[in-house]
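A short write-up of the structure that comes next.
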Amino acid sequence: MAETKKTPKKTQYVNNKDFLAALITYRAAVSEAEENDLPRPQVPHYVGECVMKISTHLARKPNFVNYPFKDEMVADGIENCLQYIDNFDPEKSKNPFAYFTQIIWYAFLRRIQKEKKLLYTKYKLTEQLNIANMNTFIEEFEASKRRKVKKKETNEE
């Protein structure tokens, strides 16, 4: 009888239960600070670490892997997560991983569109400059040729 090997369960890089618990604790601290007119508490290190891991792992997906501005995409994803962290409601969803992944996904798409727009502007400007430079070069070259022909004709007379 052949033994069947069990493949070890793949460990997730973000533990959703711990992530949810940290967010619930953070929301409670924010509420308490607002009630007591205290400064807003800092986002817990664990929450920031989870957001960072989600963003960097998502950037490795085939959809995003070949973009040269991956660092900007990751940074935009993290920034957007921190911007919308208060919109996550544990009463509505127990899956902060999915919530933040979605935020990061759309941040990546916005960055790609922004970079494409910048690249278009750069290429269009380069095209216009090249045409202008090319026209100037052609005009100067032809004028130089005409001067040389005139000079040669003048010297022959």
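A short reminder: the numbers here are calculations on the coordinates, not readings from a lab. Keep in mind it's a predicted model, so treat the numbers as computed, not measured. Glycine gets a Cβ as well: all are built from the backbone with ideal geometry, and neighbour counts include every protein chain shown.
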Query raised in the report: What number comes out for the charge environment of Arg146, summing +1 per Lys or Arg and -1 per Asp or Glu over other residues with Cβ under 15 Å away?
Result: +2
Requested in this report: Kindly express, to the nearest 10 degrees and within the range 0 to 90, the angle between helix 70-83's C-alpha long axis and the longest C-alpha principal axis of the chain.
Outcome: 40 degrees
Query raised in the report: Between Lys114 and Arg27, what FRET efficiency comes out of the Förster formula 1/(1 + (r/R0)^6) with R0 = 35 Å and r the beta carbon distance, rounded to 0.05?
Result: 0.65
Query raised in the report: Relative to the present Cα-Cα distance, how much length would full extension add between Asn130 and Lys151 at 0.36 nm per residue of separation?
Result: 4.5 nm
Report task. Round to the nearest 0.05 the FRET efficiency obtained for Tyr84 and Lys122 when R0 = 30 Å and r is the Cβ-Cβ distance. Result -> 0.45
Report task. Rank Gly77, Asn155, Leu118 by how far each Cα sits towards the positive end of the charge dipole of segment 61-157 (+1 on Lys, Arg Cβ; -1 on Asp, Glu Cβ) and give me just the farthest. Result -> Asn155
Requested in this report: In a Gaussian network model over the chain where Cα atoms closer than 10 Å are linked, find which of Ala132, Ala28, Ala143 has the largest mean-square fluctuation.
Outcome: Ala143
Query raised in the report: What net charge do the residues around Val51 carry, taking every other residue with its C-beta under 13 Å from that of Val51, with Lys and Arg at +1 and Asp and Glu at -1?
Result: -2
Query raised in the report: Could you give the nm distance between label points at Phe141 and Tyr13, where each point is 7 Å from its Cα heading toward the beta carbon?
Result: 5.2 nm
